[in-house]
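Everything on this sheet refers to the single structure shown next.
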Amino acid sequence: MEDTKALNPKIILLGPPGAGKGTIAEMLKNEYGAVHLSTGDMLREEVKNDTPMGREALGYMNSGALVPDELVISILESRITGEGREKGFVLDGFPRTIRQAGALEEILSKAGAAPDFVLNLQAPEDVIIQRLSGRLQCADCSRIYHVMNMPPKEKGVCDECGGKLFQRSDDKEETVKARLKTYREQTAPLIGFYRDRGVLKDVKADAGPAETFEEVRRQI
Ligand code: AP5
């Protein structure tokens, strides 16, 4: 554990929608001070600010498809080299295609870095659907809640910053099914990609958040 802190870990979280990547990323951030980089949150910010990138991304996101590689690579590249990255980072939702993984290797190698661990969070489909149908997120600080599993203290209000909680537009059952299909076809091949590089660790993520985080700590 102490060794990992000293290393300023560079961690990639892999796993289907609803496996708990965002939740575990926040716990890793609190434990190690590593920066949480979520391409989903970055894209939702662009949508909220109605930027040209956000307008382009929205249609893909609401249909459960991936946003084109070039767009996501450019948004990630501008953030991964920013201030505070010397404490390590947790990548949540990137890479999601073999092409993105290749681009990440290039970006990191320019900085003389490589991922320390790729954690492959695994949860069955019925658990995923239950989680996503009850997810709430803060419109201001992006903190994640669940109406039953992790409710806020006050209904509809973020414990952290007092922001308003909302339900993501892509958490409708039909869109969740499309996102799972996209995951199986385009993202699951990354499991083999990182296993071949010797950095992949499987994490059983179907228990509660605290238990899952304990498993993560054991793995790293
Ligand atoms: P993104 O925001 O990355 O969504 P995702 O990968 O589908 O993952 P989710 O955020 O839905 O789930 P999660 O695994 O983070 O689970 P969470 O911790 O929230 O991407 C959205 C869209 O943006 C994509 O569909 C795509 O269009 C686009 N996009 C993003 N990145 C892209 C990229 N690189 N390339 C191309 N397009 C990209 O947990 C879910 C719920 O479960 C929460 O309510 C939480 O409270 C609860 N929960 C979590 N863990 C537990 C647990 N252990 N026990 C009980 N409840 C739990």
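Read-outs: derived from the displayed coordinates by stated rules, not from any lab. Owing to the predicted nature of the structure, the values given are computational and were not obtained by experimental measurement. Backbone-built Cβ (ideal geometry, glycine too); neighbour counts: all protein chains shown.
Go ahead and collect, in residue order, the members of region 30-47 whose backbone nitrogen is under 19 Å from a label point 7 Å along the Cα-Cβ direction of E86.
32-36
Let me check I've understood the local charge: for Y145, count other residues with C-beta under 15 angstrom from its C-beta, Lys and Arg +1, Asp and Glu -1. What total comes out? Could the numbers behind the result be given before it?
Details: positive: R131, R135, R143, K153, K155, K164, R168; negative: E26, D41, D140, E154, D159, E160, D171.
Computed value for this residue: 0.
Once you list every other residue whose beta carbon is under 12 Å from the beta carbon of L13, what net charge do they have if Lys and Arg are +1 and Asp and Glu are -1?
For residues surrounding L13, the net value is +3.
Label R217 and L108 with points 7 Å out from Cα along Cα→Cβ: what is the distance between them in nm?
Each label point is offset 7 Å from its Cα along the Cβ direction, giving 2.4 nm.
Output ³J(HN,Hα) for region 59-67: one whole-Hz value per residue in order, computed from phi by the Karplus curve 6.51 cos²θ - 1.76 cosθ + 1.60 with θ = phi - 60°, and x for Gly and Pro.
Once θ is set to phi - 60°, the couplings for region 59-67 become x, 5, 5, 6, 9, x, 8, 7, 6 Hz.
Does region 56-103 come out rounded, prolate or oblate, given a ≥ b ≥ c as the square roots of the eigenvalues of its C-alpha gyration tensor, rounded meaning a/c under 1.5 and, failing that, prolate meaning a/b above b/c?
On the way: a/c = 2.24, a/b = 1.93, b/c = 1.16.
Prolate, because a/c is 1.5 or more and a/b exceeds b/c.
Would you calculate the separation in nanometres between label points at E77 and C141, each defined as 7 Å from the Cα along the Cα-to-beta-carbon direction?
3.3
Go ahead and estimate [θ] at 222 nm for the chain from helices alone: -39,500 (n - 2.57) per DSSP H run with n ≥ 4, summed, over the residue count, rounded to 500. Let's see the in-between values first.
Numbers: 10 runs with 103 residues, N = 220.
One gets -14000 deg cm²/dmol as the mean residue ellipticity at 222 nm.
Amide H of G93: which non-local residues (sequence gap of 5 or more, or other chain) have their own amide H closer than 5 Å, using H built in the peptide plane?
L13
From the phi of every residue in region 85-91, what ³J(HN,Hα) in whole Hz does the Karplus formula 6.51 cos²θ - 1.76 cosθ + 1.60 yield, where θ is phi - 60° and glycine or proline is x?
Running phi through 6.51 cos²θ - 1.76 cosθ + 1.60 with θ = phi - 60° gives 6, 5, 7, x, 8, 10, 8 Hz.
For P68, what charge total do you get from the other residues with a beta carbon under 12 Å from its beta carbon, if Lys and Arg give +1 and Asp and Glu give -1?
Numbers: positive: R96, R99; negative: E56, D69, E70.
Once all neighbours under 12 Å are counted, the net charge is -1.
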